[in-house]
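*Asks:* Before we start, here is the structure in question, set down as structure tokens.
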């Protein structure tokens, strides 16, 4: 039976919405500031020097800019939702399987044996991680081309790291017990049996 962890989808969407809202607010503030300080018409003097006349209607620019940002934001949110929905991290007796989306359509599953995991820790938390009580769990790897693996947007990351370390410790104890048992049996067989 596998222990499965998934990113908290609601918190990912909320964080993405907050970031998009901040960017949209910043862009609108810059446009408003430009309109009231220099006027957007000032930027039209460059095309006018080439004989091209452009008439700027500030409310229309703001409206179409806002509509464009909403459409782009919707696509970004949809991409984030699809990407995070199919992401999961399953921990079995001797390996972990990481399922991540590839090109938003295909599912890519990677297996990492526990013997290749050197260290597990919670990455330093960002501003949003502290607010949402989420975090990124990092695995330092050995014997593989990839040197580290990370799981983002995991709820209560400190507790999850403790759980994962328990799984790894259980694997190590079981492996050591199997090695010791095999070594005893080999020693008995070399001495001529029981």
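*Asks:* Can you put 121, 89 in order of Cβ neighbours within 10 angstrom, beginning with the fewest?
*Replies:* 121, 89
*Asks:* What ranking of 134, 3, 180 emerges when the number of other C-beta atoms within 10 Å of each C-beta is taken as an exposure proxy, fewest first?
*Replies:* The fewest-first ordering by Cβ neighbours comes to 180, 3, 134.
*Asks:* Here's a follow-up. Compute the helix-to-body angle for 157-190: its Cα long axis versus the longest principal axis of the chain, expressed 0 to 90° and rounded to tens.
*Replies:* The angle comes out near 30 degrees.
*Asks:* Counting pairwise Cα distances across segment 3-85, what percent come out greater than 18 angstrom?
*Replies:* 58
*Asks:* Let me ask you something else. Measuring from label point to label point, each 7 Å out along Cα→Cβ, what is the residue 75 to residue 125 span in nm?
*Replies:* Each label point is offset 7 Å from its Cα along the Cβ direction, giving 3.5 nm.
*Asks:* Relative to the first principal axis of the alpha-carbon coordinates of the chain, what is the inclination of helix 9-37, with its axis defined by its Cα atoms, in degrees from 0 to 90 and to the nearest 10?
*Replies:* The helix 9-37 is inclined about 20 degrees to the chain.
*Asks:* Express the C-alpha Rg of the chain as a ratio against the empirical globular expectation 2.2 N^0.38 Å, rounded to two decimals.
*Replies:* Its radius of gyration relative to the 2.2 N^0.38 Å reference: 1.67.
*Asks:* While we're looking at this one, here's another question. Got the relative contact order for segment 3-85 handy, in percent, Cα pairs under 8 Å and 6 or more residues apart?
*Replies:* 50
*Asks:* When the chain is modelled as a GNM with alpha-carbon springs shorter than 10 Å, which of 157, 47, 101 fluctuates the most?
*Replies:* Evaluated over the chain, the most mobile residue of the options is 47.
*Asks:* When a/c reaches 1.5 or more, the comparison of a/b and b/c decides; with that in mind, is segment 135-177 rounded, prolate or oblate per its Cα gyration tensor?
*Replies:* The shape class here is oblate.
*Asks:* Same structure, new question: In degrees, nearest 10, range 0 to 90: what is the angle between the Cα axis of helix 58-85 and the longest Cα principal axis of the chain?
*Replies:* The helix 58-85 is inclined about 10 degrees to the chain.
*Asks:* Along each of the three principal axes of the Cα atoms of segment 52-140, give the extent in whole Å, ordering the values from largest to smallest.
*Replies:* For segment 52-140, the Cα extents along the three principal axes come out at 68, 31, 24 Å.
*Asks:* Please report the relative contact order for the chain, taking Cα pairs under 8 Å with a sequence separation of at least 6, and give it as a percent rounded to a whole number.
*Replies:* Across the chain, relative contact order equals 19 percent.
Since every read-out is calculated from the coordinates, none of them should be taken as a lab result. What you see is a predicted model, and the numbers here were worked out from it, not measured in a lab. All Cβ positions, glycine included, derive from the backbone under ideal geometry; neighbour counts span all protein chains shown.
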